[in-house]
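Let me begin by presenting the structure, written as structure tokens, before commenting on it.
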Amino acid sequence: GVEPMATGAVADTSELPEPLAKKLADFLEEVYHPDFSKLQTVSQTEVYTRSSNTSLPITKGVADVSASTYELQKFWSESKNWAKHMKIADPMFIKGKKQRIGNGLYQNYAAFALPAGVTARDFTFHELIVTLNDNSVAAICWEEPWKDYPMDTSYFPSYIRGSIIMSGYLAKPLTPNTCEVTYLVQVDPKGWLPAWVVEVVAPDQALNVTRLRDYFKALRKHMPSLRRPKNKVPQQSENTQPPNANIAPAASEPIQKSTSSEPKPPPTSEPRPATPTATPISAPTPLGPRRAGPGPEPRSVASEPTASSGSFSEPDLKLEHTPASPSARMWERMKELKLGETKGEAEEEEEDDD
């Protein structure tokens with residue numbers, strides 16, 4: 001059966017305006033152009049190249065991807081996760097934005113890094129995602145200005161504005177869950193680039209299909225729902241027991257009540273044991289004398305008068321100073337000085353009387 005169409009994709013090429021239909025026809029013609037020569041095979045990805053009527057080569061990569069056309073169509077058309085998906089397919093991607101402007105038509109901005117010592121490039125372009133009559137899916141791109149992202153015209157720009165002449169993917173279904181994906185790219189990087197950078201970057205761009213294949217392979221490995229056919233729920237055998245079925249529950253876990261329909265045994269007539277009564281706590285015994293050591297002799301608790309005996313008296317709060325204490329010696333000295341002053345005054349009064 002035909003997979004459902006992803007949101008935003010064009011279901012029939014007859015719905016396309018003439019300029020977009022021309023872009024799509026040029027892209028498909030270039031994909032199947034007979035003049036491509038095989039450059040190399042890397043990780044089961046065939047890399048092709050051919051020269052064009054300009055000095056800019058056209059590079060093509062072809063690989064089988066374990067994904068349906070619907071999954072690939074959704075992968076390319078999601079605006080929210082587009083930046084994340086671009087980083088998966090192209091490690092040179094730095095940042096970007098995708099905005100839908102029509103049915104299957106998007107306005108994009110993307111910036112890409114280059115080897116150290118070479119200024120990064122950025123691009124503004126339109127992208128068209130369309131489902132073909134044979135259930136193939138095409139996602140094609142071409143240069144188009146975007147006023148929200150003007151060109152950096154400073155003397156030392158952060159990015160040099162490049163031009164996408166033609167670029168895009170074509171996913172052709174082989175099985176319900178496998179597609180042959182072709183990636184085609186022809187870019188004018190503008191400015192000056194060393195020859196070795198062109199030789200390194202151009203073949204690496206063709207390997208975007210390799211990274212796309214590895215992504216969906218890992219996705220199917222870690223998401224079992226992608227490996228099972230749709231609307232098929234795995235059934236569990238009757239004799240199959242869940243793991244740890246024979247392990248008794250921990251003491252801290254509540255024991256589940258049995259829901260079996262078997263009749264419960266009648267209660268026994270044995271008398272229930274009597275509930276033990278609480279033992280009263282006796283009053284604390286009086287403390288004995290404190291341990292021997294320096295200090296005054298401890299008093300006996302038993303001989304101390306209580307308020308209930310009627311002989312309770314307020315404690316004496318007067319401070320007494322022993323002769324050995326410094327305050328006592330100072331107090332005695334003050335008394336001597338005071339007594340001397342008194343004697344001197346008395347002698348003076350006697351002399352005055354004489």
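Counting only strands (runs of 3 or more DSSP E) wholly contained in the range 145-197, the ones carrying 1 or more residues that are more than 23 Å from residue 128 (Cα to Cα), at pLDDT 90 or above and of a type outside the set (D, E, K, R) occupy 159-161, 163-175. On the stretch given as the range 91-118, residues that are crowded, with 17+ Cβ neighbours inside 10 Å and part of a loop (DSSP other than H, G, I, E, B) total 3.
Looking at this structure, is residue 37 of a type in the set (Ser, Thr, Tyr) and either in contact with a strand residue (DSSP E or B) (Cβ under 7 Å, 6 or more places away or on another chain) or touching a residue at least 24 places away in the same chain (Cβ under 8 Å) (or both)? When the stated conditions are applied, residue 37 passes them.
One residue alone among 140, 164 is surrounded by 17 or more Cβ atoms within 10 Å (Cβ to Cβ) and in contact (Cβ under 8 Å) with a residue 60 or more places away in the chain, and that residue is 140.
For the range 37-86, which positions are exposed (fewer than 15 other Cβ atoms within 10 Å of the Cβ) and among the charged types (D, E, K, R)? Hits for the range 37-86 are 38, 80, 84. Out of 21, 25, 67, one residue alone is part of a helix (DSSP H, G or I), under 21 Å from residue 181 (Cβ atoms), out of contact with any Asp or Glu (no Cβ under 8 Å at 6 or more places or on another chain) and hydrophobic (A, V, I, L, M, F, W, C). It is 25.
The values are calculated or read from the model by the stated rules, or taken from the named source; none is laboratory data. Just so it is clear, the model here is predicted, and its values are computed rather than measured. When we count neighbours, we look across all protein chains shown, and the Cβ atoms used for this are built from the backbone with ideal geometry, even at glycine.
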